[in-house]
Structures are given as C-alpha cells and as structure tokens.
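The values are calculated or read from the model by the stated rules, or taken from the named source; none is laboratory data. Worth saying up front: this structure is predicted, and the values here are computed from it rather than measured. Here the Cβ is made from the backbone with ideal geometry for all residues, glycine too, and neighbour counts use every protein chain on show. With ligands, DNA and RNA removed, areas are computed over all heavy atoms of the protein, side chains included. Shrake-Rupley method; radii C 1.70, N 1.55, O 1.52, S 1.80 Å.
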Amino acid sequence: MARNLSTDADIDAYIAKVIQEAHHHAQWVAQIIQPLSDEVRNKLNLSPDTVEVYERNGNLARTCWVTLSGNRYVFTYDYGGRKIDLKERTLRGRLIHSFDNNTPTATIAAVVAQL
C-alpha cells in the first residue's frame with residue numbers, strides 16, 4: 001500500500017529517514033539521496049503532483065513514486081547494483097537512470113529536468 005506525502009514536512013521526514021537508513025545499510029547511495037530529493041522537489045508542485053511511498057505493516061519503505069505533470073516515476077533501491085533506480089511508472093517500468101554517490105549533481109539536474 002502507498003502512503004501519500006502531502007506536505008513538505010512529510011517529505012522532509014521521509015528523506016531524513018531514508019538517509020539515516022542508507023548510512024547503515026547502503027552507504028554507496030547515502031550522499032546522493034539529498035541532492036536527488038532537492039532536484040525533484042524543485043520541480044514538484046504539491047497541488048497537482050504527488051509523492052507516495054510504499055508502506056508495509058505501518059512502516060514506510062524506501063520505494064517512492066512521484067507524479068510530475070501527470071507522469072508517474074518510481075525511485076527504488078537496486079540491492080544488486082547498489083544504486084537508486086529511477087523508472088517509468090512502475091517497479092517494472094523502463095529504467096531511466098541509476099544514481100549512486102559518484103553521480104555528478106549536473107547529471108542529477110539534467111535527468112530530473114527531462115521528467
């Protein structure tokens with residue numbers, strides 16, 4: 001089930017939690033989460049756009065769906081590749097880009113600008 005994050009405070013708390021968990025379990029993406037979030041949020045308008053996160057047994061997971069201008073994208077962690085994947089629409093959607101701590105901020109900005 002997905003939970004809608006409808007305020008900036010909700011999104012801030014979620015991102016802080018994901019970063020904290022990444023420092024313990026996924027260090028190779030811990031530093032890219034905030035810059036990636038910042039770029040997406042610069043494009044996000046919480047009136048028409050949405051941010052939803054997967055919720056399991058009352059706990060928020062690390063899969064996040066973002067709808068921008070009517071187009072849905074999913075951010076999910078690829079355990080094998082140790083990267084954050086950005087895909088079209090669903091977890092099985094076309095891979096748009098993968099991010100890790102070595103991804104330049106200019107690349108993040110270019111990818112998000114195309115969404």
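A few comments on the model shown:
- Yes/no for ARG62 being modelled with pLDDT under 95, open to solvent by 70 Å² or more (accessible area, probe 1.4 Å), basic (Lys, Arg) and in contact with a Phe, Trp or Tyr (Cβ under 9 Å, 6 or more places away or on another chain): yes
- For ARG72, the conditions (1) open to solvent by less than 70 Å² (accessible area, probe 1.4 Å); (2) touching a strand residue (DSSP E or B) at 6+ places or on another chain (Cβ under 8 Å) all hold with the exception of (1).
- Residue in region 92-108 that is assigned to a helix (DSSP H, G or I), touching a residue at least 24 places away in the same chain (Cβ under 8 Å) and surrounded by 14 or more Cβ atoms within 10 Å (Cβ to Cβ) present: yes
- Filtered residues of region 44-63 (kept if within 13 Å of the chain's Cα centre (by Cα) and assigned to a loop (DSSP other than H, G, I, E, B)): LEU44
- Looking across region 75-91 at every residue that is β-branched (Val, Ile, Thr) and either within 15 Å of THR50 (Cα to Cα) or out of contact with any helix residue (DSSP H, G or I) (no Cβ under 8 Å at 6 or more places or on another chain) (or both), the one that is surrounded by the fewest Cβ atoms within 10 Å (Cβ to Cβ) is identified as THR90.
- The residues of region 21-37 that are within 10 Å of the chain's Cα centre (by Cα) and either open to solvent by 70 Å² or more (accessible area, probe 1.4 Å) or of a type outside the set (Val, Ile, Thr) (or both), listed by number, are GLN34, LEU36, SER37.
- Residues located in region 38-59, provided they are out of contact with any strand residue (DSSP E or B) (no Cβ under 6 Å at 6 or more places or on another chain), within 14 Å of ARG3 (Cα to Cα) and open to solvent by 70 Å² or more (accessible area, probe 1.4 Å): ARG56, ASN57, ASN59
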